[in-house]
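Student: Submitted below is the structure of interest, expressed as structure tokens.
The values are calculated or read from the model by the stated rules, or taken from the named source; none is laboratory data. Just so you know, these numbers come straight off a predicted model, no measurement behind them. Neighbour counts are summed over all protein chains in view; Cβ atoms, including those assigned to glycine, are modelled from backbone coordinates with ideal geometry. Only protein heavy atoms, including side chains, enter the accessible area calculation; ligands, DNA and RNA are left aside. Shrake-Rupley method; radii C 1.70, N 1.55, O 1.52, S 1.80 Å.
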Amino acid sequence: LDGVAGYAVEAVTHLFATIGNVLGALLLPLWILYAVRDGNNVMQTIADQFSPGVRGDVLALLRIVDRAAGAFVRVQVSSAFLTGAGVALGMTLFERLGVATYNRELAVGAFAGLVQLIPQVGWILGLAPAALAFAAHPDQPAVPLSYLALYAAVLRLVYLAVGQRMGRVLSIRS
């Protein structure tokens, strides 16, 4: 009887977790769309909380933060997409040229792109496929080495194409 009760509790817990995930997947994008659409109203509402003498300064500060955050998000998403596409296309090209035989090029490219969304450490996480390939096939070093070379080249090209744009948008000199 305890086993059945434990199973029932576990099933109900998983059911509520699934419902929460589905609702989160549906409601979060709608909330983000609403927040983005009403961005100016939100800034005005925040500025209205301050005295009239500093309201203009608060609005100017909020616009600066909004511009910087928007530029950062656009650069992160662009670099993630370009990294993922570059890795997937490069792996396909390497396979067609006979450099190395890969499995799941699109999944590895998607992973490499997705981890680029994590600032500062995303590029390190993108090295995981090479480590996994080496661990799975230590007798075939061409697979992880070619991935490392490709990944480094793609990251450099993406930086040249997209990364420097952030400095220009925010007027930062490196």
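Student: Would you point out the residue of the stretch 74-84, among those that are aliphatic (A, V, I, L, M) and over 18 Å from Pro129 (Cα atoms), that is least open to solvent (accessible area, probe 1.4 Å)? Explain how you work it out, then say what you get.
Tutor: Within the stretch 74-84, the first condition is being aliphatic (A, V, I, L, M), and the residues that meet it are 75, 77, 80, 82.
Filter once more, keeping what is over 18 Å from Pro129 (Cα atoms): 75, 77.
On the way: Val75: 16, Val77: 83 Å².
Filtering first and then ranking leaves Val75.
So that you can scan it fast, the table gives a plain yes or no per residue for (1) of a type in the set (Phe, Trp, Tyr); (2) modelled with pLDDT of 90 or more; (3) within 30 Å of Leu145 (Cα to Cα):
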position	(1), (2), (3)
Thr45	no, no, no
Ala68	no, no, no
Arg74	no, no, no
Ala85	no, yes, yes
Gly90	no, yes, yes
Val99	no, no, yes
Glu105	no, no, yes
Gly109	no, yes, yes
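Student: Another question about this same structure. Inspect the stretch 65-73 for any residue being in contact (Cβ under 8 Å) with a residue 60 or more places away in the chain, assigned to a helix (DSSP H, G or I), in contact with a helix residue (DSSP H, G or I) (Cβ under 7 Å, 6 or more places away or on another chain) and surrounded by 13 or more Cβ atoms within 10 Å (Cβ to Cβ) and give the result as yes or no.
Tutor: Checking the stretch 65-73: at least one residue is in contact (Cβ under 8 Å) with a residue 60 or more places away in the chain, assigned to a helix (DSSP H, G or I), in contact with a helix residue (DSSP H, G or I) (Cβ under 7 Å, 6 or more places away or on another chain) and surrounded by 13 or more Cβ atoms within 10 Å (Cβ to Cβ).
Student: Also: Would you mind telling me which numbered condition in (1) over 30 Å from Arg156 (Cβ atoms); (2) part of a helix (DSSP H, G or I) Gln49 fails?
Tutor: (2)
Student: Shifting gears a bit: Only one of (1) outside any helix (DSSP H, G or I); (2) under 18 Å from Gly163 (Cβ atoms) is not met by Val99, so which one is it?
Tutor: Against the list (1) outside any helix (DSSP H, G or I); (2) under 18 Å from Gly163 (Cβ atoms), Val99 comes up short only on (2).
Student: On to the next question. Residues Arg55, Arg37: which one is charged (D, E, K, R), out of contact with any Lys or Arg (no Cβ under 6 Å at 6 or more places or on another chain) and surrounded by 12 or more Cβ atoms within 10 Å (Cβ to Cβ)?
Tutor: Just one listed residue meets the conditions, Arg55.
Student: Leu117 fails exactly one of the following numbered conditions: (1) open to solvent by 30 Å² or more (accessible area, probe 1.4 Å); (2) free of Cβ contacts under 8 Å to residues at least 24 places away in the same chain. What is the number of that condition?
Tutor: (2)
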